[in-house]
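As structure tokens, the structure follows; a few thoughts come after it.
The values are calculated or read from the model by the stated rules, or taken from the named source; none is laboratory data. As the structure is a prediction and not an experimental result, all values here were calculated from the model. We place every Cβ from the backbone using ideal geometry, glycine too, and count neighbours over all the protein chains shown. Protein only, heavy atoms only, side chains kept; ligands, DNA and RNA dropped before computing areas. Shrake-Rupley method; radii C 1.70, N 1.55, O 1.52, S 1.80 Å.
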2 protein chains.
Amino acid sequence: MTASNRDDEKLKSEIRLRFHQLGQRFTQEREALLAVLLTTDRALTPQELYEAAQKSETVGLTTAYRIIETLTRIGFAQVILINGELRYRLCSPTHHHHMVCTQCQKVEEFAECQLEGLDYGSFHPTSHRVEIFGLCEQCQKGSS
Amino acid sequence: MTASNRDDEKLKSEIRLRFHQLGQRFTQEREALLAVLLTTDRALTPQELYEAAQKSETVGLTTAYRIIETLTRIGFAQVILINGELRYRLCSPTHHHHMVCTQCQKVEEFAECQLEGLDYGSFHPTSHRVEIFGLCEQCQKGSS
DNA sequence: TGCCTTATCGAAAATGGTTTTCAATAACTA
DNA sequence: TAGTTATTGAAAACCATTTTCGATAAGGCA
Ligand SMILES: [Mn+2]
Ligand SMILES: [Mn+2]
Ligand SMILES: [Zn+2]
Ligand SMILES: [Zn+2]
């Protein structure tokens with residue numbers, strides 16, 4: 001099963017380009033970690049990312065933390081709080097929001113955004129976050 | 001400056017009632033901690049809650065953690081992720097969302113919710129979270 | 001009111017996720 | 001290919017949160 005909602009090849013080359021612009025090297029370890037992030041639709045903990053990447057390449061947990069930090073900082077990943085845990089998901093850099101399965105941590109993106117016309121009074125908004133929590137199709141069947 | 005958006009007296013008695021129903025005692029420590037939460041409009045870290053309560057009553061940090069856990073579990077407080085930190089805010093138990101100042105951590109509630117009519121496809125939604133980040137009125141002036 | 005049961009408190013220790021350190025290594029450039 | 005320098009990862013440090021457990025106090029009841 002391939003990850004949905006994103007154009008993975010496009011995203012991958014965008015990330016490579018950005019890394020290059022920032023003078024970052026494209027190491028085997030980063031390649032392996034990024035491959036994991038590109039082929040999952042779940043939001044992962046750093047530990048999970050580390051374990052998954054381990055299957056194809058020897059990577060350190062520290063390196064998993066580092067790539068998460070970098071990707072999040074430059075806007076290619078987002079943190080999501082699910083069941084009290086911080087998890088990370090590769091994201092397309094366009095504006096979108098998330099449907100989050102609280103059972104398997106699958107994250108589906110959706111683009112509709114209803115927040116534009118709202119009245120915020122004297123508050124000056126700069127960004128926002130919308131998360132729909134629930135059960136994905138698979139998890140509805142599994143645990144009816 | 002008193003906390004906005006909530007009817008603090010009403011909220012306080014609701015919490016007392018709920019605590020009583022659960023067989024929880026209303027100790028001096030909880031009184032002091034709750035007083036802090038009721039009189040601030042900021043989302044606090046456990047450490048900040050502890051320090052603020054300390055001014056009127058001797059409280060342990062552990063107790064601050066415990067009341068946050070309890071209030072969150074029974075729906076009278078919510079966790080918000082601000083600048084990478086988990087912060088907690090007393091909340092009215094009615095459905096609402098948040099405008100969050102990323103500078104002073106002030107949280108204003110708003111009730112409008114545009115998410116009802118959306119099409120979630122095969123995803124089964126159970127709850128959602130909407131957060132508007134930005135600058136409150138004070139912080140706009142202060143750091144122009 | 002005073003007693004008794006038991007929830008609660010908090011200091012200290014344990015836990016565990018995340019960050020820092022630093023010497024060895026590998027990626028890019030010329 | 002050689003040289004420069006970003007990157008790696010094991011180990012240590014860090015620090016927020018949880019657990020432990022003996023002492024304390026809340027609150028129901030006689
Ligand atoms: Mn996304
Ligand atoms: Mn609220
Ligand atoms: Zn699921
Ligand atoms: Zn502010």
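Checking residue B:43 against (1) open to solvent by 50 Å² or more (accessible area, probe 1.4 Å); (2) within 16 Å of DNA strand D (Cβ to nearest atom); (3) of a type in the set (Gly, Ala, Ser): exactly one of these is not met. Which one?
Every condition holds for residue B:43 apart from (1).
So, of the residues in region B:20-35 that are part of a helix (DSSP H, G or I) and surrounded by fewer than 20 Cβ atoms within 10 Å (Cβ to Cβ), which turns out to be farthest from ligand 1 (Cβ to nearest atom)?
If we filter region B:20-35 for residues that are part of a helix (DSSP H, G or I), which is where we start, we get B:20-21, B:28-35.
Narrowing further to those that are surrounded by fewer than 20 Cβ atoms within 10 Å (Cβ to Cβ): B:20-21, B:28-29, B:31, B:35.
Details: B:20: 43, B:21: 40, B:28: 46, B:29: 42, B:31: 43, B:35: 40 Å.
Step by step, filter region B:20-35, then rank; the result is B:28.
Could you grab me the full set of residues in region B:9-33 that are within 16 Å of ligand 2 (Cβ to nearest atom) and either touching a strand residue (DSSP E or B) at 6+ places or on another chain (Cβ under 8 Å) or over 28 Å from residue B:101 (Cβ atoms) (or both)? Give the derivation first.
Within region B:9-33, the first condition is being within 16 Å of ligand 2 (Cβ to nearest atom), and the residues that meet it are B:10-12, B:14-15.
Result: B:11, single match.
Would you confirm, using the coordinates I've provided, whether residue A:80 is at pLDDT 95 or above, closer than 30 Å to residue A:114 by Cα, in contact with a helix residue (DSSP H, G or I) (Cβ under 7 Å, 6 or more places away or on another chain) and buried (at least 19 other Cβ atoms within 10 Å of the Cβ)? Spell out the reasoning first.
Details: at pLDDT 95 or above: yes; closer than 30 Å to residue A:114 by Cα: yes; in contact with a helix residue (DSSP H, G or I) (Cβ under 7 Å, 6 or more places away or on another chain): no; buried (at least 19 other Cβ atoms within 10 Å of the Cβ): yes.
Answer is no for this residue.
Six or more apart or on different chains, Cβ under 6 Å: which pairs go from a residue in region B:17-36 that's closer than 10 Å to residue B:56 by Cα and basic (Lys, Arg) to one that's open to solvent by less than 60 Å² (accessible area, probe 1.4 Å) and modelled with pLDDT of 95 or more? Could you list them?
none
Can you name the number of the only condition in (1) in contact with a helix residue (DSSP H, G or I) (Cβ under 9 Å, 6 or more places away or on another chain); (2) under 17 Å from residue A:98 (Cα atoms); (3) open to solvent by 60 Å² or more (accessible area, probe 1.4 Å) that residue A:38 fails?
The failed condition is (3).
One line per residue, one yes/no per condition, for (1) loosely packed, with under 15 Cβ neighbours inside 10 Å; (2) more than 26 Å from residue B:87 (Cβ to Cβ); (3) aliphatic (A, V, I, L, M):
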residue: A:50; (1), (2), (3): no, yes, no
residue: A:60; (1), (2), (3): yes, yes, no
residue: A:73; (1), (2), (3): yes, no, no
residue: A:91; (1), (2), (3): no, no, no
residue: A:120; (1), (2), (3): yes, no, no
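Out of all the residues in region A:110-118, is one or more touching a Cys at 6+ places or on another chain (Cβ under 8 Å), of a type in the set (A, V, I, L, M, F, W, C) and more than 16 Å from ligand 4 (Cβ to nearest atom)?
For region A:110-118, residues touching a Cys at 6+ places or on another chain (Cβ under 8 Å), of a type in the set (A, V, I, L, M, F, W, C) and more than 16 Å from ligand 4 (Cβ to nearest atom): absent.
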